[in-house]
């Protein structure tokens, strides 16, 4: 976690640590991807309560939270963590900026963090080390108009369905819709966007197919 002074354009406080939890369930596959092991957590980790309190203290100093995929993971994880340890969420109304959905990138570019960094002229480094990923994310965000990003972030995330025939499915794939299945059976072509971009999405799809909002998150 980093605390940034946006006018200075630098982090003014940061922290990164492993967390030791007495009841964790370990997935060995995670170790290969993250380079974090159960032994590391046992040896170097701080207690779960201590870790959460450190996060909550830094949250008191910020106007916004930001990160990669925070609305689908970090925000939910934090709320569950507070609930599990019986601590209140210190900033329940804080706006979260999600760089996976709230910044403008060229159509077709990847939104995976390492690729996003390269596309922004940044050198990916120490992927999957938490503090390195935070630093990378914030330096990507620095290259965008923060007022526009905030305007996008304040709108809901929605799912839209492509009203497209089977024969024209490639047209949906070309605009980066993906197939949704239920019990192994195809349902429809779907895409997740910010409501801010709904009208522009209608225009892009309009020459080929209609779209329908099916879910607001």
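Structure summary
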item: Filter result for residue 68 (surrounded by 12 or more Cβ atoms within 10 Å (Cβ to Cβ) and under 19 Å from residue 129 (Cα atoms)); result: yes
item: Residue count, the range 163-188 (criterion: touching a helix residue (DSSP H, G or I) at 6+ places or on another chain (Cβ under 7 Å) and over 21 Å from residue 105 (Cβ atoms)); result: 1
item: Matching residues, the range 102-129, being touching a helix residue (DSSP H, G or I) at 6+ places or on another chain (Cβ under 6 Å), surrounded by 14 or more Cβ atoms within 10 Å (Cβ to Cβ) and touching a residue at least 60 places away in the same chain (Cβ under 8 Å); result: 102
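We did not get these values from a lab; they are worked out from the coordinates using the rules stated. Predicted model, so just to flag it, every value in this text is computed and none were measured. Every residue, glycine among them, receives a Cβ derived from its backbone with ideal geometry; neighbour counts consider all protein chains shown.
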